[in-house]
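The values are calculated or read from the model by the stated rules, or taken from the named source; none is laboratory data. Since this is a predicted model, take the numbers as computed values, not measurements. No Cβ is skipped: glycine too gets one built from the backbone with ideal geometry, and neighbour counts run over all protein chains shown. Please note that ligands, DNA and RNA were not included when accessible areas were found on the heavy atoms of the full protein model with its side chains. Shrake-Rupley method; radii C 1.70, N 1.55, O 1.52, S 1.80 Å.
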Amino acid sequence: SAEIVDYAQRLADASERVRLVEYARTYEDRPLVYLVIASPEHLERVDEIQANMARLADPRSGLSQREKDRIIAETPAVAWMSYSIHGNENSGSDASLVVMHHLAADRSAQTQALLDELVVIVDPNKNPDGRERQINGLDQHRGLHPNIDDQSMLHTSHWPYGRGNHYYFDLNRDWIYARHPETRGRIRAINEWKPVLLVDAHEMGSQSTYLFSPPREPINPNLPSYRNDMANVFADDQARAYDAFGYPYYTGEWAEGWYPGYTDAWASMRGALGILYEQARMAEDGVQRPTHNLSYKQSVHHQVISSFANLNTLARERVTMLDNYAQDRANVVSANGPYAERSWVILPTDNGARLAEWLDLMAIQEFEVHVLNDDVRIDEATNPLGEVERDVVLPEGSLVVRNRQPEARSLAAMFEFDPKMSEFALRQEREAVLGEGGSTIYDTTGWNIPMMFGLDAYQVPEHLDDDLERIDPANHQPEVSYATAAIAPGAIGVVASGADDRANALAARLMEQGVRVRANREPSRLDGMDLPIGSIAITADDNRHMEDWAARVTATANALGLPVHGVGFGRAPGDLADLGGEQWRVLSQPQVAIISRGMTNMLDVGAVWWMLDHRLGIRSSQLDEK
């Protein structure tokens, strides 16, 4: 991985066609870089090119037909060529070195013509932490002689392999929720450039050949219609390039287009033509096939051929690709477009941490968000279970995401409660299940952002427009309704509402410091603060061994941004749980291993539910009731 970055830097230093950009760092502090490769003239106008693509991407500013035609005529098409998001699929990253060098160094008229039409972004190594793990495995398993047996450890490796990142997460499943630094940095960078072609180079089983797009059914209905037409144009050219060498290949077959969270599908939702490569996986010595040996060198050659075939097609089809992009963006923001009359509404919640995570995701994905400044009554709305509710009042403070916006396709694909497959795809799936005991679905079948975050939400069949204020999701501070009070001298305890996920992180971090913490199994109310099941209490009596317990609570809560409430009266009204009762259970020290120190986002809450189930006897259904 370090050698790839070093080589990229050397190219940038040596060539007037190349610029190097670091866009993120991995968990292991390895740099993620991309190279901008273009003619010197295009490199001088990078800001203008990005601005032109931004105007095509959002025509609501009043982009005239004449201005659109001028931008298309003057703007090179941007291609984002990305390799080896799975760290144990080496041929992609190794092929990227050839692609980078050729584009940077070749002086032929053909390459010059290519760079006159394009700006090529090369993302050479999308998962350096995983690649390092894979390379280490190769070092451990190679022998004195070449090994072409794909059943050997050299080829199969061992768990945890190099597929995932530092935390063994498959980064090709992270494009919707953007939990990892590699994905977050990459999404920001791609959104800055707005490419019209995005290539994603992978590997598959070693006894296969080579697969590339377009995919087969089921196809996500939110993909732009022009994607299939252009995908076949690119595929035909790629096939001809393979035929010239007599290399075998295929398209579709097992690769479908349903889940929008893969690299190529995510890019396609945003107006790029996403193309998947799947090369038969080879280790360094190659693999014995039924008819011949396939070398690792040839597997890299396959990726290189594909890359240049796609770039040449894009150069030839530059105007068509940019025009398709601009027309589709104008269509999705139109009052007569396919997404004109639909909005999603996130209802107010006291879970400030959960809402902050959701807003952060909206900012990363560049989804526009509004807040309701007053109650709004609507005729009907659909909840996440598909139930239609009539005469619904949307309360003040609700957050509104209207589908009619530039990223309408991506937004719809990620938010829809129940996306629909075509009748053809459903028939195929039924035949596969009943006839073969299999499925036409490669991987993920269901998803949506509101349900993933556990937020109360509605889908509304109209473009909400009354009492709305546009907000910046990156800087919006969610409001919570529960009261808070400072920790007064002599306070008998401090509590944090279980309505907020950060209460779990507070408990974990305090326990690591030796502070004794309680959690409630029944609702409580202390000094005017409602405390639902799963709230946290730190009492003076439990922490007589620690003089600065209150200061530790304050500092830790402030670091988390979590409001806490000083308690001076431990009796709760009515039948609610008193602070000294059996319903406030002390958490034992081993539970620190269950409540992760890093747990500050809603995706980790399941660990706490497990802890409450198995340690405190609190059922998940009771947590839901809070």
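Residues in the stretch 556-613 that are of a type in the set (A, V, I, L, M), assigned to a helix (DSSP H, G or I) and at pLDDT 90 or above were compared, and the one that is most open to solvent (accessible area, probe 1.4 Å) is ALA559. Somewhere in the stretch 209-217, is a residue at pLDDT below 95 and part of a strand (DSSP E or B)? Yes, that holds for at least one residue. The set of residues in the stretch 383-411 being within 20 Å of TYR339 (Cβ to Cβ) and acidic (Asp, Glu) consists of GLU407 alone.
Could you please find all residues in the stretch 91-107 being of a type in the set (A, V, I, L, M, F, W, C) and either at pLDDT below 95 or touching a Phe, Trp or Tyr at 6+ places or on another chain (Cβ under 8 Å) (or both)?
Kept after step one, since they are of a type in the set (A, V, I, L, M, F, W, C), are these residues of the stretch 91-107: 95, 97-100, 103-105.
Passing the criteria: ALA95, LEU97, VAL99, MET100.
Answer yes or no: is there a residue in the stretch 506-517 that is outside any loop (DSSP other than H, G, I, E, B), touching a Gly at 6+ places or on another chain (Cβ under 9 Å) and open to solvent by less than 60 Å² (accessible area, probe 1.4 Å).
Going through the stretch 506-517, the residues outside any loop (DSSP other than H, G, I, E, B) turn out to be 506-512.
The next check asks that each one be touching a Gly at 6+ places or on another chain (Cβ under 9 Å); those that pass are 508.
Right, trim to open to solvent by less than 60 Å² (accessible area, probe 1.4 Å) and you get 508.
Within the stretch 506-517 (the criterion being outside any loop (DSSP other than H, G, I, E, B), touching a Gly at 6+ places or on another chain (Cβ under 9 Å) and open to solvent by less than 60 Å² (accessible area, probe 1.4 Å)), the answer is yes, since at least one residue qualifies.
Checking each residue in the stretch 441-469 for being under 24 Å from the mean Cα position of the chain (by Cα) and either over 19 Å from ALA412 (Cα atoms) or β-branched (Val, Ile, Thr) (or both) picks out ILE441, TYR442, ASP443, THR444, THR445, ILE449.
Sub-7 Å Cβ pairs linking a first residue in the stretch 374-389 that is within 20 Å of PHE415 (Cα to Cα) and modelled with pLDDT of 95 or more to a second residue that is surrounded by 10 or more Cβ atoms within 10 Å (Cβ to Cβ) and small (Gly, Ala, Ser), at least 6 apart or interchain, are GLU389/ALA381, ordered by first then second residue.
Within the stretch 456-491, can you find the residues that are within 27 Å of GLY568 (Cβ to Cβ) and either at pLDDT 95 or above or among the hydroxyl-bearing types (Ser, Thr, Tyr) (or both)? Before the answer, list the steps.
To start, the set of residues in the stretch 456-491 that are within 27 Å of GLY568 (Cβ to Cβ) comprises 479-491.
Within the stretch 456-491, SER481, TYR482, THR484 qualify.
Taking the stretch 85-117 as the range and being over 22 Å from VAL287 (Cβ atoms) and open to solvent by 20 Å² or more (accessible area, probe 1.4 Å) as the test, the residues that pass are HIS101, HIS102, ALA105, ASP106, ARG107, SER108, ALA109, GLN110, GLN112, ALA113, ASP116, GLU117. Looking for something in a helix (DSSP H, G or I), surrounded by 22 or more Cβ atoms within 10 Å (Cβ to Cβ) and touching a helix residue (DSSP H, G or I) at 6+ places or on another chain (Cβ under 7 Å) - is there at least one such residue anywhere in the stretch 64-84? No, the stretch 64-84 contains no residue that is in a helix (DSSP H, G or I), surrounded by 22 or more Cβ atoms within 10 Å (Cβ to Cβ) and touching a helix residue (DSSP H, G or I) at 6+ places or on another chain (Cβ under 7 Å). A search for C-beta distances below 6 Å between a residue of the stretch 328-351 that is within 18 Å of ALA381 (Cα to Cα) and touching a residue at least 40 places away in the same chain (Cβ under 8 Å) and any residue that is open to solvent by 10 Å² or more (accessible area, probe 1.4 Å) and not in a loop (DSSP other than H, G, I, E, B), counting only pairs 6+ apart in sequence or on different chains, returns SER343/ARG402; TRP344/GLN459; VAL345/TYR458.
To keep it simple, each residue is scored yes or no on (1) assigned to a helix (DSSP H, G or I); (2) surrounded by fewer than 18 Cβ atoms within 10 Å (Cβ to Cβ).
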position	(1), (2)
PHE234	yes, no
PRO260	no, no
GLY274	no, no
THR291	no, yes
ASN310	yes, no
LEU314	yes, no
GLN327	yes, yes
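Apart from one condition, ASP530 fits all of (1) of a type outside the set (S, T, N, Q); (2) modelled with pLDDT of 95 or more; (3) closer than 21 Å to PRO348 by Cβ; the exception is (2).
State all residues of the stretch 1-44 that are assigned to a loop (DSSP other than H, G, I, E, B) and open to solvent by 70 Å² or more (accessible area, probe 1.4 Å); if no residue qualifies, say none. Before you say what the answer is, go through the steps one by one.
First, pick out the residues of the stretch 1-44 that are assigned to a loop (DSSP other than H, G, I, E, B): 1, 15-17, 26-30, 38-39.
Residues satisfying the conditions are GLU16, TYR27, GLU28, ASP29.
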